[in-house]
1. Being open to solvent by 10 Å² or more (accessible area, probe 1.4 Å), closer than 17 Å to Gln3 by Cα and either touching a Leu at 6+ places or on another chain (Cβ under 9 Å) or of a type outside the set (A, V, I, L, M, F, W, C) (or both) is the requirement here; does Glu44 meet it?
2. Does Val2 count as touching a His at 6+ places or on another chain (Cβ under 9 Å) and either open to solvent by less than 50 Å² (accessible area, probe 1.4 Å) or free of Cβ contacts under 8 Å to residues at least 60 places away in the same chain (or both)?
3. Anything in region 42-58 that is farther than 14 Å from His108 by Cα, in contact with a helix residue (DSSP H, G or I) (Cβ under 9 Å, 6 or more places away or on another chain) and either part of a strand (DSSP E or B) or not charged (D, E, K, R) (or both)? List them, or say none.
4. Of all the residues that make up region 12-27, how many are surrounded by 12 or more Cβ atoms within 10 Å (Cβ to Cβ) and under 13 Å from Val79 (Cβ atoms)?
Amino acid sequence: EVQLQASGGGLVQSGGSLRLSCAASGFAFDEAAIGWFRQTPDKEYEGVSCWSSRDGITYYADSVKGRFTISSDSAKNTVYLQMDNLKPEDTATYYCAVGPFEQFLVSHWLGMHYWGEGTQVTVSS
């Protein structure tokens with residue numbers, strides 16, 4: 001059974017940083033893309049970032065490009081999202097998810113194969 005456990009959210013001021021972690025079990029990194037969706041307070045879903053080990057590619061939404069960095073630790077079977085220079089508009093519930101790379105690109109949350117419980121990120125002005 002695939003399980004994804006997200007952690008690392010919190011409350012920060014604008015300009016601050018957080019690092020989210022997603023510990024995966026029952027999943028091999030070469031099976032599909034793994035990354036992050038977020039649900040904003042207006043309930044919109046956005047594919048934030050993902051990584052496909054098999055294809056050797058990464059994706060960042062335009063809204064976070066240059067500020068967020070996705071990385072992985074294969075020994076720990078964990079994916080990270082380093083979030084720097086956070087802005088109030090980054091406030092959202094962040095979900096670790098596994099699915100087709102292209103579904104992240106079009107923010108198709110329902111196209112994900114697996115997802116974990118979210119971790120809340122709140123950025124104050």
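1. Numbers: open to solvent by 10 Å² or more (accessible area, probe 1.4 Å): yes; closer than 17 Å to Gln3 by Cα: no; either touching a Leu at 6+ places or on another chain (Cβ under 9 Å) or of a type outside the set (A, V, I, L, M, F, W, C) (or both): yes.
No: the conditions fail for Glu44.
2. yes
3. Trp51, Ser52, Ile57
4. Summing the residues that are surrounded by 12 or more Cβ atoms within 10 Å (Cβ to Cβ) and under 13 Å from Val79 (Cβ atoms) in region 12-27 gives 7.
The values are calculated or read from the model by the stated rules, or taken from the named source; none is laboratory data. In this text the structure is predicted, and so the values were computed from the model without any measurement. Cβ atoms come from the backbone with ideal geometry, glycine included; neighbour counts cover every protein chain shown. Heavy atoms of the whole protein, side chains included, go into the accessibility calculation; ligands, DNA and RNA do not. Shrake-Rupley method; radii C 1.70, N 1.55, O 1.52, S 1.80 Å.
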